[in-house]
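Let me begin by presenting the structure, written as structure tokens, before commenting on it.
Quick note: the coordinates plus some simple rules give every number you see, no bench work behind them. A quick note: this is a predicted structure, and the numbers were derived from the prediction, not measured. A quick note on method: Cβ atoms are made from the backbone with ideal geometry, for glycine too, and the neighbour counts reach across all protein chains shown.
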Amino acid sequence: MDVLRSGLFFVLFVVGIIAYATLIVALWPVTTQAQRRRMACAWAQYNRRLLAVVCRLHDHITGLENLPPPPFVLLCKHQSAWETVTLHAIFPPFVLVLKKSLLFIPFFGWALKATGQIAIHRHREIEALRILQAEGKQHCAQGTSILIFPEGTRVPPGTVGHYNAGGVMLAMAAGVPIVPVAHNAGLFWGRRSFLKKPGVIQLHIGQPIETRGLAKNARKAILSQAQEAIETMMAQINTP
């Protein structure tokens with residue numbers, strides 16, 4: 001049954017990408033970026049409902065009250081495709097830091113470009129940091145938050161990847177708080193997995209970490225604090 005449900009989800013998911021992306025790109029010349037981002041949020045909400053109805057995969061969010069006024073930098077655990085296709089429906093408007101190669105995917109990549117996501121070459125570290133700093137500060141100055149996966153790539157449940165400092169550096173440069181986010185989506189929608197298992201994804205939002213006015217040499221301490229906050233929440237989520 002999970003295979004059939006996952007197959008139906010895949011078909012409707014692709015239909016949704018084509019429909020929403022076509023709408024976003026078609027209206028690109030006559031809409032503002034904020035309007036196009038609202039369309040992307042509607043697509044993310046479509047995905048959440050699709051998962052709930054078709055795959056019986058729901059989500060439960062804890063800690064929304066911890067969110068400070070935008071802008072802020074979300075540092076989020078990365079286990080699954082779930083967070084990339086649903087979080088726009090959960091948080092206030094944000095842009096996502098993603099691989100530049102995604103921009104070349106028909107429909108999906110065109111919509112990413114139209115909504116102003118931050119695209120970087122992950123393996124060109126100096127160039128990636130420069131783009132992240134420049135574009136990220138610009139978005140924050142306009143009141144838009146940034147979502148970054150500090151481990152860089154999806155990691156299996158129970159695994160801790162290497163936490164990169166780019167998100168912390170951006171938050172400190174822009175003078176905005178960091179919001180740590182943890183979830184266990186990988187237990188239900190695995191890394192590169194076709195199957196979606198029924199259940200309830202737990203997403204926890206931690207207390208914001210202030211960065212305004214801190215000296216540059218505080219970067220390592222802030223990164224360590226953010227990692228500890230995320231992994232502590234992960235341990236709570238994974239405890240029966």
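Write down the percent of antiparallel bridges among all DSSP beta bridges whose residues are both part of the chain, to the nearest 5.
15 percent
What is the packing order of peptides 223-229, 154-160, taking the mean over residues of other C-beta atoms within 10 Å and listing the highest first?
Highest mean packing first, the order is 223-229, 154-160.
Expressed as a rounded percentage, what relative contact order does the chain have, with Cα pairs under 8 Å and six or more residues apart?
26 percent
Among T31, G206, I131, whose Cα lies farthest out toward the positive end of the dipole of the chain, if unit charges sit on the beta carbon of Lys, Arg (+1) and Asp, Glu (-1)?
T31
Looking at the chain, do any whole DSSP H helices span at least 15 angstrom along their long axis by alpha carbon and average -1.0 or above on Kyte-Doolittle, and which?
TM-like helix candidates: 2-26, 33-54, 125-141, 219-238.
If the reach is capped at under 26 angstrom between alpha carbons, list the lysines near K197, excluding any in the same chain fewer than eight residues apart.
Reachable lysines: K77.
If I build a Gaussian network model for the chain, linking alpha-carbon pairs within less than 10 angstrom, which residue out of I230, I120, I105 has the largest mean-square fluctuation?
I105
Could you name the lysines in cross-link range of K216, using Cα to Cα under 18 Å and dropping any fewer than eight places away on the same chain?
K137
Multiply the residue gap between H121 and T159 by 0.36 nm, knock off their C-alpha separation, and tell me the result in nm, one decimal place.
Roughly 11.3 nm would be gained on extension.
Would any residue of region 206-240 have its amide N under 11 Å from a label point 7 Å out along Cα→Cβ of Q133? List them or say none.
Under cut-off, by backbone N: nothing.
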